[in-house]
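Colleague: Attaching a single structure in structure tokens format; questions to follow.
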Amino acid sequence: MANALAFALAGVPAQHMGVPVDFSDFAALEAFLKEHVSPVIVLDNAFDTVNESLLFLATWLGG
């Protein structure tokens, strides 16, 4: 779906960047966002990473 939107807007595929669970390289993320050529950017696993971090925090605070 992201590629379809990107091709419709600019004729190029969406750009993807993986976000691992232990992600902490925000300089690389900032550089990626500044250098993008596609109007559509997909941060793979971003919601999974946030969900896991919040779940860990909730269990740590609750226990």
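The values are calculated or read from the model by the stated rules, or taken from the named source; none is laboratory data. Keep in mind it's a predicted model, so treat the numbers as computed, not measured. Heads up, the Cβs are rebuilt from the backbone with ideal geometry, glycines too, and the neighbour counts pull from every protein chain shown.
Colleague: Only one residue in 63, 18, 11 is on the phi > 0 side of the Ramachandran plot and either at pLDDT below 70 or of a type in the set (Gly, Ala, Ser) (or both). Which one?
Modeller: 11
Colleague: Looking at the range 24-47 only, could you name the residues that are surrounded by 12 or more Cβ atoms within 10 Å (Cβ to Cβ) and closer than 17 Å to residue 12 by Cβ?
Modeller: If the condition is that a residue be surrounded by 12 or more Cβ atoms within 10 Å (Cβ to Cβ) and closer than 17 Å to residue 12 by Cβ, then 32, 33, 36, 38, 39, 40, 41, 42 are the ones that fit.
Colleague: Scanning the range 9-43 for residues that are charged (D, E, K, R) and in a helix (DSSP H, G or I), which turns out nearest to the chain's Cα centre (by Cα)?
Modeller: This residue is 30.
Colleague: List pairs: first in the range 4-20 and surrounded by 14 or more Cβ atoms within 10 Å (Cβ to Cβ), second among the small types (Gly, Ala, Ser) and not in a helix (DSSP H, G or I), Cβ under 8 Å, 6+ apart or cross-chain?
Modeller: What qualifies is 6/14; 6/38; 12/38; 13/38; 14/38; 15/38.
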